[in-house]
Amino acid sequence: MIYFDTSYIIKCYLNEAGSTPVRRVAESSDGMGCSLHGRVEFWTAVKRNVRERLITAEEATATFRRFQEDEANGVWHWFPVETNCVQLACEKIAAASDRVFLRAADALHLACAVAQGFQEIYTHDRHMLAAATAFRLKARDVVAER
């Protein structure tokens with residue numbers, strides 16, 4: 001199983017720059033996981049695309065439907081954000097260099113990946129890519145690797 005952050009999950013459903021290599025990775029994996037808060041981030045990202053007129057409301061509804069079908073079929077595995085995950089995120093934030101730009105949601109993704117035993121994550125988020133080393137994770141961006 002591989003860990004996708006929300007920037008990669010959205011590329012599985014919307015045609016954005018970099019969607020093709022992300023979909024290839026997804027299709028070749030034996031499953032994808034993400035912190036449960038990534039599910040909420042996905043829904044807000046789809047709505048942002050409607051607000052920015054990149055997709056229609058009807059396309060958003062169809063996207064939500066496909067996403068829920070994939071969930072029901074076991075494509076996505078959601079990991080809980082439990083106290084130990086939040087504590088780990090806080091510890092890593094406190095220990096990180098002042099130069100590391102860590103947002104709360106990124107720290108939760110990274111801590112959740114560590115708590116679930118992942119050694120690498122997939123993201124297109126430049127801040128998360130840079131912060132992953134503070135969590136001793138390898139960050140991969142197949143969009144940038146092309």
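Please list 95-101, 11-17, 56-62 highest first by mean number of surrounding beta-carbon atoms within 10 Å per residue.
Values: 95-101: 10.6, 11-17: 16.6, 56-62: 12.7.
Final packing ranking: 11-17, 56-62, 95-101.
For Trp43 and Ser28, compute 0.36 nm times the residue count separating them, minus their Cα-Cα distance, and round to one decimal in nm.
Details: separation 15, 0.36 × 15 = 5.40 nm, distance 2.43 nm.
Using 0.36 nm per residue and subtracting the Cα-Cα distance, I get 3.0 nm.
For Ile9, Ile55, what's the fewest-to-most ordering of other Cβ within 10 Å of each Cβ?
Numbers: Ile9 23, Ile55 19.
By the 10 Å Cβ count, ascending, the order reads Ile55, Ile9.
Give me Cys85, Cys34 sorted ascending by neighbouring Cβ count inside 10 Å, so fewest comes first.
Ranked by crowding around the Cβ, least crowded first: Cys85, Cys34.
Please compute the length gained on full extension between Arg51 and Trp78, using 0.36 nm multiplied by the number of residues separating them and subtracting their Cα-Cα distance.
Full extension of this stretch gives 7.1 nm more.
Hey, what did segment 1-76 get for relative contact order, percent, Cα under 8 Å, at least 6 apart?
Contact order relative to length: 35 percent.
Percent relative contact order of the chain, based on C-alpha pairs within less than 8 angstrom and at least six residues apart?
29
What value does the chain have for Rg/Rh, both radii from Cα atoms and Rh as Kirkwood defines it?
Values: Rg = 15.1 Å, Rh = 15.6 Å.
Dividing the radius of gyration by the Kirkwood radius yields 0.96.
Using only helices, what value at 222 nm comes out for the chain when you add -39,500 (n - 2.57) per DSSP H run of length 4 or more and divide by the total residues, to the nearest 500 deg cm²/dmol?
Taking each H run of at least 4 residues, the total per residue is -16000 deg cm²/dmol.
When a footprinting reagent is the concern and you count Cβ atoms within 10 Å, what order do Asp5, Asp30 take, fewest first?
Working: Asp5 25, Asp30 6.
Ranking Asp5, Asp30 by Cβ neighbours within 10 Å, fewest first, gives Asp30, Asp5.
The numbers here are math on the coordinates, done by the rules we state, and not lab data. No experiment lies behind these values; they were computed from the predicted model shown. Every residue, glycine among them, receives a Cβ derived from its backbone with ideal geometry; neighbour counts consider all protein chains shown.
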